[in-house]
Every structure is written in structure tokens, then in C-alpha cells.
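Participant: I have a structure here, written as C-alpha cells, and I will follow up with some questions on it.
The values are calculated or read from the model by the stated rules, or taken from the named source; none is laboratory data. Note that this is a predicted model, so its numbers are computed, not measured. Positions of Cβ are backbone-derived with ideal geometry, glycine not excepted, and every protein chain shown enters the neighbour counts.
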Amino acid sequence: MGRDTAEAVASEAPSLIVRGLRKCFGERVAVRDVSFEVKRGELLAIIGPNGAGKTTLLSMLAGIRVPDDGTVRQQGPNADRRIGWVPQQTAVYSKLTVAQNLRLFARLEKVEDLDAVVERMLEQTALSERADDELGSLSGGNRQRVNIAVGLLADPPVLLLDEPSGALDPRQRQRLWSFITSLTDRGTSVLFATHDISEAERHAHRVLVLADGELLFNGSPAELHAVSGEAPGVDMEQAFVAFLATKGH
Amino acid sequence: MRWLLLKDLQILWRSKLLLGLLIVYPIAIATLMGFALSSGPEKPRVAFLNEVPENRGTIRLGSQKLDIKTYTNTLFTAIDRVAVENRDEALQKVRSGAVLAALIIPPDFTQKLSNSGFSGASVEVVYNGDALKQSFVRSTISSKLAQADAALAKAVNKLGSGYIDVILEGGQLDILGTQLKILGLERSKTAIDRVMADSPSAATRRRLGPVQNFAELAVANAGRAKDLLDTVEKPVAVTETVLSGRRTPLDTFAVAVAVTVSLMFVCVLLASGLLALEREENTFSRLARGLVTGGRLLAEKIVLAAACAFAVSLTMLIGVSLFVPLDWSRAGLWVIALAGGSLAFAALGVAIGSLAREVRAASLLAFLLSLPLAFLALVPSGGVSPLLYDVIQVISAIFPFKPSLDAVNAAVNSSQPGVLQSLAHLAVLVVAFGTAARLGLRRFVQ
């Protein structure tokens, strides 16, 4: 249901426009002239083999790395707000409590109603009861929830997640995707990088396939399946591997 | 087991920095210890200037002549003599650190020894630097001067004893080239005793009585004069001249060293650890996306580490003042010197922190780097070869320990270089290490 709603919202103008993005590390080209757009409320998966350039692409969109060439532009409502960023590894202070971490990053993000935002994030992540626990004492899954919550503190119009469900058990994964879907329902554009092709197929409206820094495909999961040349009943992961093979990867 | 061994060797081989440290660090420490043990007080390089004219090179004591070389040769066994032409050259060599000190024998040295009965003769020792160097000079040069004095005193004793023997027993005495025959106190007393035994008149007995008593007392006590001669230990005085600043007591210099070492460790360990923590916790990537600029992040770490280290070291200085008398009127300068030193150490700390991926590695690196720097800064001039000393000076100048020690020492002991000069040096280092840390931050997101 969330996906249908989001698709309806995603029909609006793009909230993120990426043009000719390029990044080199010495001689190696990590991201090669990548261009795409993300519509408001759209859930976009970036998939590709290891070393494809997914994390480098996301880190350029997040403003952590400076691209060698190309532009990243936000537009639409709240376009002046920073893009939300949830890195693959938890990026929070293990010696601070859950609430202290949220409060610190909320202050740095300059959110207006600090207490209300922290309270809301504690509720959304179902960590209200652990608010005063040191982060280092939490399980990997709970740490990842705080990690995601920090990325959402400023209510960003675009949210980037790098391998968001890697450390989560199936129940936590389900809760995560439910939460992300609720974000896209409210108009937040979400891009996530993942190895998990079935997860991309299940949740994403659109997938970008990256290999060796090159954008090979930009379309819906069904379209990817179609261009792979595999039979309709074939597993999406198999279709993805077949597609890469057709592109020489 | 061999596969585990192979695996660990492969890991070591790939950890180039660790491997380099494992090899270079012990060599560096061993070299430093080697210098400290082998080239210290044994033969310090000392500029020597003999201003006594060639034709006045002997000390005349009655009929005896002592060559001044008797005195100076004793000194030369203890020092690595650097001959200089004049006083200016001697002072220049001390100032430049080419020699540890200068030993100057003034032109009137032999004249004063000959004429004034050893009360007015002196040699001059000129030195420079901090209390450690001053103490080093005093403990080595002065002890050798004392040996030379003892040798001179021995010669004087021998001569004096000869005179006393002649006065007591009689014999030939050379006075200004004229040979005089001396009867001697013992023979004089015998002669008087004989006259008194011949029953002279009462008037003669009355007149000779006091002379007989004197001769008896003189014979009985003249031998004690030889004992008194043995107490002549320092016929030559030593005049000490400090080229710049003032003489620094070793205990207050030790306070400056202790406070600076504490300042260094607290500051460098804290600053490096605080910055490395951002990388270890992966939070830098979050902060770097516009929440905090790299410059602000570094400034925050520097200020925090510097403030903590400043508080610790100032408390330490105040605590030490309970046991070692310090000049409280200079407390304002203590604060300024400690503040300057802590900022420079913190800048070095963040530069180290920007190289490490985790807090433990940063702490280890900070410790490994700081310790030899402190050692190096305390190597005295003249204790090693001039070339090596120049190298040490350059290394000490590009890290904050030496200028911080100079600043604290100047604040506590009014030594040279002054607080302002050291603070200017530290300000340059803050900028340099801050810039290095800023460049190092680029590695955080790679």
C-alpha cells in the first residue's frame, strides 16, 4: 500500500537532480559521469557488485566527498535543507546515551524544536525506554536504528542510506522498511545502496545499476528483469547477474 | 603453528608504519641513550683562552718558579680544548653552542698569584643556556678547576713547608736572589739556653727570659704551620659569567621541565585521541557533510585538549610552589607560557590524531613521538658534536617541546630566550601543525 501511495507522490517534479557526476582516486575512476533524477517521495535503490562505486556515489550526494566533475542539485519544497545521510557503519558516539547522541546531532543540524524532535525520533525508533542507555551497550540492530534516526533529525527532503539493513534481523528489517515507506509517503525521497537484490526488488520504485562506476541501468525492477533476458519466473538476483553479464561485468 | 606465524609476518609486513616504528624507534632511543652515556661529562668542549703574556707564564714564589702550564695541564686532561684567539671569539662560540663553556685565564693571573698570596687570583668560566647546561658546566668544569687548584696548592705547600723547615731548623734561604744563612729557631733556643745556663747577671736573665720563652714556644708550635698550609685548597677563585639571562637554580629548572613534560603528555595524548575518536566512531563522515567544518572541528579539539592540559599543568606548578620557592610575581607569565605551550602541543596532537584510524593507535603514536623529543630538547650544547647539536637544534625547533620549555623556564626562572620570543615560535608551530592536521583530515573520508 505504501508503495502505491509513494508512486503517486513520486509523479511530481524531481527533488534531486544529478548530472555528470565523476570521481577518480588516482588513475582509478570510481564513478563515471553518472546522471539521474529522484522524484519527491520516490524510493530509489542503487545496486551493483562490490566496488561498483555505490558508496562513493552516495558520499558525493551527501556532501562528504567533493566530485571531480558534475553537479548535485536539490529542488522543490525544503530544498535548502541538508540531504540526510545514514552511513553503512553506525556513526554515533558509543560513550554517549541514545538521547545525548540525538540531542547533539539535532543541535548540529540546528533543528528548531529540539526536545520535540528528539522525543519524536525516540518514539519512531521505539527506543524511548533505552534513551538513557549508553549506545555502546545496545545491540547492533538498535545502534543502527539510532544511526538512521540521526539521519532523519532535520526532516530532510532527501535521505541517503548506505546498506541500511545489513546489521538487522528480519523483524528489525521489516520495521525499518515500514518506517522508510512511511517517510516516502510523506514526500521524502529516499536513495539506498544495497547488495540485497531481492530487497531492492521488494521495496524500490526504481533501481540504478552501477558497475565499475558506470551507470548501466535506470528503471523499475520489472524493467531490469525484462532487459536481463531471463524468463519472467526467474529469481531477480539471477536476472541481475545475467544483466551484468550482458554488459560485460 | 607455522601458518599462524606466516600470517602474522604477512600482517606485519603490510603494516608498514608499525614495522617502521618497531625498527626506527629502538634505534633512535638507543642512539639518544648512547649520546647521553658516551659524550656527556667526560670531555666537554670548552673554549680556552690564555690571556697571560708569554713572558709572564711563571708564578714566582720566593726562590721557586711554577710554570702556569702546571695549572692548565691539569685542566686540559678534563676538557676537549678549543683554542680561541680572543675573548670575543670565546663568547661567540659559547653563544652559538659550539662549546659548552669558555675558560679564560686573565692576563694578571700569574702576577696576582705571585704577589697577593693567592687571595686575588681568579679564572673566568663563561657559559650560557638553561639550568641543566649551567649545572653541567658547574659540575664538570668546576670540579676540574678544583683538581687544578689542588695541584697548585700542593706545589705551594711543598714550597711553604721548605720555608718553615729553614726557619725552624736553619739553613740557606733565597730572598730576591740573595742567599741568606738562617740560624733557625731550634738553634736560637739552644744558644739562649746555653747563655742562661752560664748564670748571667739578674738583669741579663730578666732581658733574655722572654726571648727564651718565645723561642721555646716557637719551636714547639712552628710545625703546626705546615698543617695550616694543608688547608690552602683553593688558591685560585672561579668567576662565573652567564652570557644571557640569569643563573638558574637546578631545582626550579627541574620544575619547568616537569611541568612542560606533563603539559606535553596530557595535551598530545588528549588531542590526538579526541580527533582519532571521530574516525574510530565513523562520525567524521556525518560531521563533514556541512555540520562542522574541518577547521572548526580541529579548533574544538585543540581548545579542549589545551584547556585540560593547561589546568593540569597550572595546578601542578602551584602545587610544586609549596615545596620549591617560585617567584609568584611572575604568575601572569606562567599562565601565558602554559597557554602558549598547551596550544602548540594540542596542535601537534591533532596532527598526530589525523594520521591514526583509532584512539589506541593515536595514543601510541603520540607517546612514541613525544618521548624522544623531550630527550632531544635536553641534550646540552657541547655534549655532542657541533654538527649533531645543530641537527638536534633544528629537530627541537620544529616540535613544541623545546620552545614550550623555554617559555615555561623563562616565565618561572626569567631565563633566555624570553617568554615572548618562545610564544612567537609556538604560534608558528600552532599554524604549521594545524595546517598539517587539516591536510590529514582529508584521509578521514577516503
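Participant: Go through (1) within 14 Å of another protein chain (Cβ to nearest Cβ); (2) in a loop (DSSP other than H, G, I, E, B) one by one and return the number of the condition A:S165 breaks.
Facilitator: With respect to (1) within 14 Å of another protein chain (Cβ to nearest Cβ); (2) in a loop (DSSP other than H, G, I, E, B), A:S165 is out only on (1).
Participant: Restricting to segment B:263-296, name every residue that is touching a Cys at 6+ places or on another chain (Cβ under 9 Å) and within 14 Å of another protein chain (Cβ to nearest Cβ). Lay out the reasoning, then the answer.
Facilitator: Initial filter on segment B:263-296 (touching a Cys at 6+ places or on another chain (Cβ under 9 Å)): B:266-267, B:270.
Answer for segment B:263-296, where residues must be touching a Cys at 6+ places or on another chain (Cβ under 9 Å) and within 14 Å of another protein chain (Cβ to nearest Cβ): there is none.
Participant: Looking at B:P41, is it modelled with pLDDT under 70, closer than 28 Å to B:L378 by Cβ and surrounded by fewer than 11 Cβ atoms within 10 Å (Cβ to Cβ)?
Facilitator: no
Participant: Can you name the helices (runs of 4 or more DSSP H) wholly within segment A:50-139 that have at least 3 residues being within 14 Å of chain B (Cβ to nearest Cβ) and buried (at least 19 other Cβ atoms within 10 Å of the Cβ)? Lay out the reasoning, then the answer.
Facilitator: Working: elements: A:54-62, A:98-108, A:114-124.
Ranges flagged: A:54-62, A:98-108.
Participant: Quick one: which helices (runs of 4 or more DSSP H) lie wholly within segment B:344-446 and hold at least 1 residues that are surrounded by fewer than 22 Cβ atoms within 10 Å (Cβ to Cβ)?
Facilitator: Numbers: elements: B:359-377, B:386-397, B:401-413, B:419-441.
The qualifying helices (runs of 4 or more DSSP H) are B:359-377, B:386-397, B:419-441.
Participant: Answer with yes or no whether B:S329 is surrounded by 18 or more Cβ atoms within 10 Å (Cβ to Cβ), away from chain A (no Cβ under 14 Å) and in a helix (DSSP H, G or I).
Facilitator: Details: surrounded by 18 or more Cβ atoms within 10 Å (Cβ to Cβ): no; away from chain A (no Cβ under 14 Å): yes; in a helix (DSSP H, G or I): yes.
So B:S329 fails the test.
Participant: Which of the residues spanning segment A:182-196 are at pLDDT below 90 and assigned to a helix (DSSP H, G or I)?
Facilitator: Scanning segment A:182-196 gives A:S182, A:L183.
Participant: Here are some residues: B:V324, B:V320, B:V312, B:V303. Which one is crowded, with 19+ Cβ neighbours inside 10 Å and either modelled with pLDDT of 95 or more or touching a helix residue (DSSP H, G or I) at 6+ places or on another chain (Cβ under 8 Å) (or both)?
Facilitator: B:V312
Participant: Further question on the same structure: Out of all the residues in segment B:304-321, is one or more more than 14 Å from chain A (Cβ to nearest Cβ) and closer than 21 Å to A:R103 by Cα?
Facilitator: yes
Participant: Would you pick out the residues in segment A:121-161 that are free of Cβ contacts under 8 Å to residues at least 24 places away in the same chain and of a type outside the set (S, T, N, Q)?
Facilitator: Once the filter is applied, which keeps residues that are free of Cβ contacts under 8 Å to residues at least 24 places away in the same chain and of a type outside the set (S, T, N, Q), segment A:121-161 yields A:E123, A:E129.
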